[in-house]
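Asks: Just dropping this structure here.
The values are calculated or read from the model by the stated rules, or taken from the named source; none is laboratory data. It should be emphasised that the depicted structure is a prediction, and the values quoted were computed from it without experimental measurement. Because the Cβ atoms are built from the backbone with ideal geometry, glycine has one as well, and the counts that use them run over all protein chains shown.
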Amino acid sequence: MNKKLVILILLALTQFLVVLDSAIVNVALPAIKDSLGFSDESLQWILTAYVLTFGGFLLLGGRAADLYGRRKVLLLGIAGFVATSFLIGVSSSPVMFIIFRALQGLSAAFMSPAAMSVLLTTFKEGSERNRALSVWSIVASGGAASGVLLGGVITQLLGWHWDFFINVPLGLLVMWGIWRYIPAHIKEESDKNLDMPGALLVTAGLMALVYAISEAPVLGIGSPLILGLLATGIVLLAAFVYNESRVKHPLVPLSIFKIRNVVAGNIIMVPAMASMLGMFYFLSLYLQETQGYTPIMSGLAFAPFPIILGFVAWHAQKLVPRIGIRSMLIIGTTLPLVGIGLLGLLPAESNYFVNILPSIILIPAGMGIFFLSAVLAATSGVPARESGLVSGLINTSQQVGGALGIAVLSTIAATAGSALAGYHAAFITATVLMAGALLVAVFVVKVKE
């Protein structure tokens with residue numbers, strides 16, 4: 001088998017682990033609550049603990065890969081992910097579970113950008129990288145869709161513990177493959193000193209913002225705690241930018257933002273991910289709470305997602321040299337815009353094939369084009385020595401966008417007069433967010449065709 005193909009499979013499986021775990025946990029929440037005695041208030045920390053460390057440490061994880069070796073950081077990240085997955089599975093109390101869940105997010109924050117960094121430096125910009133990113137998108141999205149279905153099956157048949165134990169053998173296999181097939185890269189920067197003040201400022205700032213966004217639907221956007229966290233996050237990130245402009249070896253060289261593609265690719269990720277993840281969250285709730293779907297039935301309703309997305313993503317890479325990345329981004333945001341807009345018309349009693357399936361077709365078709373073209377836009381023209389940093393930026397934009405989407409949609413839905421009106425408000429808001437991504441594609445993205 002071609003060595004590059006083996007490397008691509010290993011990197012895609014690494015991302016599959018991260019995405020699969022996030023999706024599975026959502027389905028297993030009720031079982032975990034009953035087994036370990038979580039209260040309604042503390043249950044949210046199963047998700048929040050992971051999101052805080054994952055979102056907060058992504059930039060640091062990406063930069064560490066550039067400075068200390070991509071393979072080394074990738075292996076350490078996966079080792080931590082495997083160990084914490086096992087420890088979560090054997091947890092006997094809510095406190096143990098949340099601590100190990102936070103450490104799992106920390107591990108993922110190093111493995112995910114390191115994996116993308118290896119991909120960007122292994123596959124040359126052009127058709128080779130386009131194909132590699134197509135496979136990456138297919139496997140990652142497959143993990144999200146598979147997690148919903150597998151989470152229901154595993155939790156129901158084997159218990160919630162196995163939702164985490166499943167990461168252990170797969171993670172160990174991937175670690176062996178990475179050690180065997182991916183060479184250690186020669187660090188291109190002679191100075192390996194990490195900008196610790198910058199690392200502390202950006203990590204604390206991102207964690208404050210992510211926590212504020214995640215908790216806003218629960219405490220209210222006007223809560224003193226939420227407002228205080230938002231202000232703290234903004235001040236810390238402003239201090240981070242000031243620090244980066246003055247230090248000799250910054251964590252994030254501000255010159256990276258002179259590359260318009262990097263800026264545009266990350267900007268467009270925020271509203272698009274906010275729209276898509278918010279849609280996933282509320283469509284799952286709609287199916288289970290108003291239509292009476294079981295978790296497995298809900299998973300089956302999403303079954304066409306990975307198939308359509310995979311098919312479109314694979315063929316989309318062939319269109320890049322023909323129509324260009326900007327045109328693909330316009331198509332990739334327009335299709336989900338229409339699909340999510342249709343969900344805003346869902347009736348109280350819906351027919352899956354008439355009311356839901358059209359969106360289940362349109363949204364992944366657009367996502368298959370969007371993810372490929374957005375990452376290509378954000379990484380084109382980036383030097384290899386900064387591939388880890390750019391990977392961290394992309395992942396951070398996705399995480400902030402996803403957290404923002406669920407928070408904004410939840411807050412708006414809660415103000416509606418009825419459950420159905422809440423779902424309509426959420427889907428309409430998601431449509432507006434996707435329209436924002438479309439505007440970025442039209443007016444901001446200027447990629448060399």
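Asks: Just to be sure I understand, how many residues within the stretch 75-98 are among the β-branched types (Val, Ile, Thr) and under 14 Å from Ile32 (Cβ atoms)?
Replies: 4
Asks: Hey, another quick one. Looking at Ala301, Ala274, Ala264, can you tell me which residue is touching a residue at least 40 places away in the same chain (Cβ under 8 Å), more than 13 Å from Leu362 (Cα to Cα) and in contact with a Phe, Trp or Tyr (Cβ under 8 Å, 6 or more places away or on another chain)?
Replies: The match here is Ala301.
Asks: Exactly one condition in (1) assigned to a helix (DSSP H, G or I); (2) surrounded by fewer than 21 Cβ atoms within 10 Å (Cβ to Cβ) is not met by Phe38; state its number.
Replies: The number of the failed condition is (1).
Asks: Kindly indicate whether any position in the stretch 274-296 is closer than 16 Å to Phe370 by Cα and in contact with a Ser or Thr (Cβ under 6 Å, 6 or more places away or on another chain).
Replies: no
Asks: Could you tell me whether any residue of the stretch 140-163 is acidic (Asp, Glu) and crowded, with 20+ Cβ neighbours inside 10 Å?
Replies: For the stretch 140-163, residues acidic (Asp, Glu) and crowded, with 20+ Cβ neighbours inside 10 Å: present.
Asks: Moving on to the next point. Can you give me the number of residues within the stretch 400-417 that are modelled with pLDDT of 85 or more, small (Gly, Ala, Ser) and surrounded by fewer than 20 Cβ atoms within 10 Å (Cβ to Cβ)?
Replies: 0
Asks: Name the one entry in Ser22, Ser92, Ser42, Ser85 that is hydroxyl-bearing (Ser, Thr, Tyr) and touching a Pro at 6+ places or on another chain (Cβ under 8 Å).
Replies: Ser42
Asks: Let me ask something additional. Considering only residues that are buried (at least 24 other Cβ atoms within 10 Å of the Cβ) and among the small types (Gly, Ala, Ser), look in the stretch 41-72 and name the one that is nearest to the chain's Cα centre (by Cα).
Replies: Gly55
Asks: Follow-up question, since we're still on this one. Report yes if Gly341 is at positive phi and either in a loop (DSSP other than H, G, I, E, B) or surrounded by fewer than 22 Cβ atoms within 10 Å (Cβ to Cβ) (or both), otherwise no.
Replies: Criteria not met by Gly341.
Asks: Identify all residues within the stretch 299-323 that are surrounded by 15 or more Cβ atoms within 10 Å (Cβ to Cβ) and part of a loop (DSSP other than H, G, I, E, B); write none if there are none.
Replies: Phe302, Gln317, Leu319
Asks: Next question, about the same structure. If you check Leu389, Leu376, Leu433, Leu372, which single one turns out to be closer than 27 Å to Ile259 by Cα and at pLDDT 90 or above?
Replies: Of the residues listed, the single one that is closer than 27 Å to Ile259 by Cα and at pLDDT 90 or above is Leu433.
Asks: Next up: Return yes when Val135 is crowded, with 24+ Cβ neighbours inside 10 Å and either farther than 22 Å from Gly80 by Cβ or of a type in the set (Val, Ile, Thr) (or both) and no when it is not.
Replies: So Val135 does not fit the description; no.
Asks: Separate question: So Thr155 clears everything in (1) without any contact (Cβ under 8 Å) to a residue 40 or more places away in the chain; (2) over 21 Å from Thr14 (Cβ atoms) except one condition, right? Which one?
Replies: Condition (1) is where Thr155 drops out.
Asks: Check Gly56 against each of (1) assigned to a helix (DSSP H, G or I); (2) of a type in the set (Gly, Ala, Ser); (3) over 21 Å from Leu404 (Cα atoms) and name the one condition it does not meet.
Replies: For Gly56, the exception is condition (3).
Asks: Can you tell me how many residues within the stretch 170-185 are among the aromatic types (Phe, Trp, Tyr) and over 16 Å from Gly69 (Cβ atoms)?
Replies: 1
Asks: Then there is this: Could you please find all residues in the stretch 74-126 being part of a loop (DSSP other than H, G, I, E, B), in contact (Cβ under 8 Å) with a residue 12 or more places away in the chain and among the charged types (D, E, K, R)?
Replies: Glu125
Asks: Identify the single condition in (1) among the small types (Gly, Ala, Ser); (2) crowded, with 20+ Cβ neighbours inside 10 Å; (3) under 22 Å from Thr379 (Cβ atoms) that Ser255 does not satisfy, given that it satisfies every other one.
Replies: So the condition that Ser255 fails would be (2).
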